[in-house]
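Read through the structure below, which is laid out as structure tokens, and then see the notes.
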Amino acid sequence: YSAGVITHPAHIAEARGHAEWRTDPAVMAASVADFSENPPLDYSAGPFKMTEGVLGEYAKYVPNPEWTGSQQSTLDSLTLKYIGSADAMATELRQGTIDGAAPSSFDPEVLDQLASEESIKYSVAPQSGWSHIDANLKNPFLSDKALREAIFTAIDADDVNQRAYGAAYADIETMENVLFRPDSEYWTDQLEGSTLGSGDIDAARGILEAAGYTWQDEQLLTPAGEPVTLRYRTGIEGNAFTPIIQDLVITYLAEIGIELQVDPIPNGELSSVLDEGDWDLIQFSWIETPLFAASAADYWGEGNHTGFQNDRVDAIVDELATTMDRDRAAELNNEAAQISLDEAVQLPLAWTPALVMVDKDVVNVRDNWATTMRVFSNVGEWGFIDEDA
């Protein structure tokens, strides 16, 4: 299995001399480096405990004898191994060198390989990550709501999702709520009556014309006569879906006179690109969590990566920090999300497909979108078929 796991027990950090990790960023960084280089093998809060590991390569676990959970593991050991791609994972699974894999991204062509292997089981379903395109409001052009609205109107979200994700998951759905899924009691259609994601080029041009934009030789000009130029960024390497989305966005925006400068994000640099605001339009995926109370603060609160600021959203974030009412928290988060969409801060696309593949004799391994632990959420239940049962 390929996974990134950070174990950071506070009492061990303090025992190792990192007493100020809570308040001093330098001490926090030192403690993280310490744990990365010297994993705390004498600690576990789950059904397994680590016995050895090398950062970026592998980690080996055995059942935790002090685990008091209701489900006791039937495995003698569990090794998590870093493997660079879904294709490489599928190859190792076919060869029997691993028992299962859950890649962070995959090319739909790997599904054809898996389907032809009788010794492999696999499943594809929407995961906890939701894909979206954001506007950087600190960009002089994108500080204008009309331009943002026109851009997101020109993009056809249904077309993007079918072309990018449809080959991997035929039942892919375009998001209409950025916080809750359609089967949630808190779901509301936040795009009802909106042109965002419609792909309506005429409507997009109408928005621009009404705001005073013009065209010269099909190049979009601001009301002041300045050519609109934007830089579009997304992670391409190792991701089969984002290049398709990128090409479609280029095509859509060309129809309203915007020529995008494409600047791929190198692997591992998304966080720094977001923090530094080194982008105009950006496409990536947020990891969803059922603990939605903090969502408004994370996505649209003070210091958010888009530069969006709204007094009502700030008030919502303040109330969410103190409310103990779950229904009220959902209502407030929906309101904040609606404001962000009305202001054309971002365009939601879809919950991206996730692939899990295992040997046919492996049982109880499944993805769980409702937790950041994902496929590891029930790791204590993993095992092999008992052929003698």
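The values are calculated or read from the model by the stated rules, or taken from the named source; none is laboratory data. Since this is a predicted model, take the numbers as computed values, not measurements. Cβ: placed from backbone, ideal geometry, glycine included. Neighbour counts: every protein chain shown.
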Filtering region 164-193 down to residues that are part of a loop (DSSP other than H, G, I, E, B) and aliphatic (A, V, I, L, M), which residue is surrounded by the fewest Cβ atoms within 10 Å (Cβ to Cβ)? 170
Mind listing whichever residues of region 338-348 are farther than 22 Å from residue 279 by Cα and in contact with a helix residue (DSSP H, G or I) (Cβ under 8 Å, 6 or more places away or on another chain)? 339
The listed residue being among the hydrophobic types (A, V, I, L, M, F, W, C), in contact with a strand residue (DSSP E or B) (Cβ under 8 Å, 6 or more places away or on another chain), within 17 Å of residue 334 (Cα to Cα) and surrounded by 17 or more Cβ atoms within 10 Å (Cβ to Cβ), out of 300, 286: 286
Out of all the residues in region 196-242, which are touching a residue at least 12 places away in the same chain (Cβ under 8 Å), under 21 Å from residue 343 (Cα atoms) and surrounded by fewer than 19 Cβ atoms within 10 Å (Cβ to Cβ)? 198, 199, 200, 201, 203, 210, 211, 222, 223, 229, 231
Here is a list of conditions, (1) in a loop (DSSP other than H, G, I, E, B); (2) of a type in the set (A, V, I, L, M); (3) more than 20 Å from residue 157 (Cβ to Cβ), and residue 317 meets all of them except one; can you say which number that is? (1)
Only one of these is surrounded by fewer than 18 Cβ atoms within 10 Å (Cβ to Cβ) and touching a helix residue (DSSP H, G or I) at 6+ places or on another chain (Cβ under 7 Å): 112, 87. Name it. 87
Just to verify a result, which residue in region 3-16, among those that are surrounded by 15 or more Cβ atoms within 10 Å (Cβ to Cβ) and farther than 29 Å from residue 105 by Cα, is modelled with the highest pLDDT? 16
Read through the list (1) among the small types (Gly, Ala, Ser); (2) crowded, with 16+ Cβ neighbours inside 10 Å; (3) modelled with pLDDT of 90 or more, then give the number of the only condition that residue 96 fails. (2)
Of (1) more than 23 Å from the chain's Cα centre (by Cα); (2) over 20 Å from residue 298 (Cβ atoms), residue 323 satisfies all except one. Which? (2)
Could you figure out which of (1) in a helix (DSSP H, G or I); (2) free of Cβ contacts under 8 Å to residues at least 40 places away in the same chain isn't true of residue 380? (2)
Please work out which residue is surrounded by the fewest Cβ atoms within 10 Å (Cβ to Cβ), limiting yourself to region 45-67 and to residues that are under 20 Å from residue 11 (Cα atoms) and of a type in the set (A, V, I, L, M, F, W, C). 45
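For (1) modelled with pLDDT of 90 or more; (2) not in a loop (DSSP other than H, G, I, E, B), each residue gets a yes or a no:
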position: 18; (1), (2): yes, no
position: 28; (1), (2): no, yes
position: 43; (1), (2): no, no
position: 76; (1), (2): yes, no
position: 92; (1), (2): yes, yes
Does residue 294 satisfy the condition of being surrounded by fewer than 14 Cβ atoms within 10 Å (Cβ to Cβ), in a helix (DSSP H, G or I), free of Cβ contacts under 8 Å to residues at least 40 places away in the same chain and over 15 Å from the mean Cα position of the chain (by Cα)? no
I'd like to know if region 342-361 contains one or more residues that are in the same structural domain as residue 152 (by TED's automatic domain parsing) and part of a helix (DSSP H, G or I). yes
